[in-house]
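Asker: For reference, the structure I am asking about is given below.
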């Protein structure tokens with residue numbers, strides 16, 4: 001069994017090691033992997049959750065997401081309370097368990113996946129993903145669906161926005177269709193920065209020094225019909241698109257201005 005922890009603890013952070021140890025105690029048969037996103041980046045986390053959940057892999061895998069900025073309420077919170085835990089079993093057998101914060105589960109919900117409240121306290125520790133939630137994950141892995149409550153409403157994911165920056169500086173977006181005919185040069189605005197990009201059918205279908213806007217390596221089958229969703233991404237051939245556009249945060253709109 002594979003458990004992938006998607007969280008904003010930071011690469012190599014002690015928190016990932018502690019969560020791994022907790023799962024090693026509760027589910028010793030599981031192999032636990034860690035995937036870090038920037039602090040409080042629920043958009044990036046939500047994209048990663050969808051990509052991993054809908055992608056290929058063992059049917060008994062678990063995606064465990066915890067990016068919890070505790071911004072669902074502005075007033076003071078008692079006992080380290082925060083956003084609630086929700087879960088879904090996909091038809092493929094994949095189990096997704098995560099904190100309902102921002103867009104963390106929105107890409108799943110947009111594909112029609114029902115997400116259920118998990119009957120577990122939402123308070124009791126600053127480090128709920130180590131001290132409170134793993135026992136519920138272990139119970140769900142073992143088939144205890146009595147832990148699942150009502151289906152909860154989940155907000156929609158940001159449309160036509162940056163959703164993830166990979167290690168090469170490529171900007172993956174929630175554009176799922178071309179903004180213009182293949183071969184067209186468009187002007188792209190992200191935040192306060194603009195640059196030209198060539199709409200193409202492959203990210204490397206431009207010469208060195210140019211930026212392509214094309215379907216990349218990420219996407220998933222649409223749960224609402226209409227075939228696969230392919231995420232368009234901006235790639236600077238021989239350069240770094242994230243640097244070119246000022247390192248935009250996930251959730252920043254990607255606009256075509258000409």
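Asker: Give the relative contact order (percent, whole number) for the stretch 110-201; include only Cα pairs under 8 Å separated by 6+ residues.
Answerer: Value for the stretch 110-201: 19 percent.
Asker: Sort 182, 42 so the one with the fewest other Cβ atoms within 10 Å of its own Cβ comes first. Intermediate values should be presented prior to the final figure.
Answerer: Numbers: 182 12, 42 29.
Starting with the residue having the fewest Cβ neighbours, the order is 182, 42.
Asker: What length, rounded to one decimal in nm, is gained on full extension from residue 189 through to residue 17, with 0.36 nm per residue of separation minus their alpha-carbon distance?
Answerer: 58.0 nm
Asker: In the stretch 119-258, what % of DSSP beta bridges are antiparallel (nearest 5)?
Answerer: Working: 23 of 25 bridges.
Taking every DSSP beta bridge within the stretch 119-258, about 90 percent pair in antiparallel fashion.
Asker: Sort 60, 146 so that the residue with the fewest other Cβ atoms within 10 Å of its own Cβ comes first and the one with the most comes last.
Answerer: In order of increasing Cβ crowding within 10 Å: 146, 60.
Asker: Let me have the 222 nm mean residue ellipticity of the chain computed from DSSP H runs of 4+ only, each contributing -39500 (n - 2.57), with the sum over all residues rounded to the nearest 500.
Answerer: The helix-only estimate for the chain comes to -5000 deg cm²/dmol at 222 nm.
Asker: Can you sort 129, 36 by how many other beta carbons sit within 10 Å, fewest first? Mind dumping the intermediate values first?
Answerer: Numbers: 129 25, 36 20.
Placing the least packed residue first, the sequence is 36, 129.
Asker: What is the stretch 2-151's relative contact order, in percent, from Cα pairs under 8 angstrom and six or more apart in sequence?
Answerer: 24 percent
Asker: Follow-up. As a test, work out the antiparallel percent of DSSP beta bridges whose residues both lie in the stretch 2-151, rounded to the nearest 5.
Answerer: 40 percent
Asker: If the chain between residue 249 and residue 150 were fully stretched, how many nm would it gain, using 0.36 nm times the residue separation less the Cα-Cα distance?
Answerer: Numbers: separation 99, 0.36 × 99 = 35.64 nm, distance 3.28 nm.
Length difference between fully extended and current span is 32.4 nm.
Asker: Considering only DSSP beta bridges whose two residues both sit in the chain, what percent are antiparallel, to the nearest 5? Please report the intermediate quantities before stating the final value.
Answerer: Values: 32 of 49 bridges.
Among the beta bridges of the chain, antiparallel pairing accounts for roughly 65 percent.
Asker: Moving on. Looking at the stretch 101-193, what % of the alpha carbon pairs are farther apart than 20 Å?
Answerer: Of the Cα pairs, 59 percent sit more than 20 Å apart.
Asker: Find the relative contact order for the stretch 162-256 and round it to a whole percent, using C-alpha pairs within less than 8 Å whose residues are 6+ positions apart.
Answerer: 35 percent
Asker: Using Cα atoms only, what is the angle between the long axis of helix 14-26 and the major principal axis of the chain, expressed in degrees (0 to 90) to the nearest 10?
Answerer: Once rounded, the angle reads 50 degrees.
Asker: Still on this structure: [x] 19.1, 56; [y] 17.3, 59; [z] 19.0, 62: which one is Rg and Dmax of the Cα atoms in Å as calculated from this entry?
Answerer: Structure-derived value, by its label: [x].
Asker: Another question, if that's okay. With the crude spin-label approximation of a point 7 Å out along Cα→Cβ, what separation in nm comes out for residue 176 versus residue 60?
Answerer: Rounded to a tenth, the inter-label distance reads 3.2 nm.
Asker: Let me ask you something else. For the stretch 2-151, what is one quarter of the convex hull surface built on the Cα atoms, given in nm²?
Answerer: Quarter of the Cα hull surface area: 8.2 nm².
Asker: Convex hull over the alpha-carbon atoms of the stretch 162-256: what's its volume per residue in Å³?
Answerer: Measuring per residue, one finds 90 Å³ for the Cα hull of the stretch 162-256.
None of the figures in this text is laboratory data; all of them are computed from the coordinates on show. These numbers come from a predicted model, not from an experiment. FYI the Cβ positions are ideal-geometry reconstructions off the backbone, even for glycines, and counts take in every protein chain you see.
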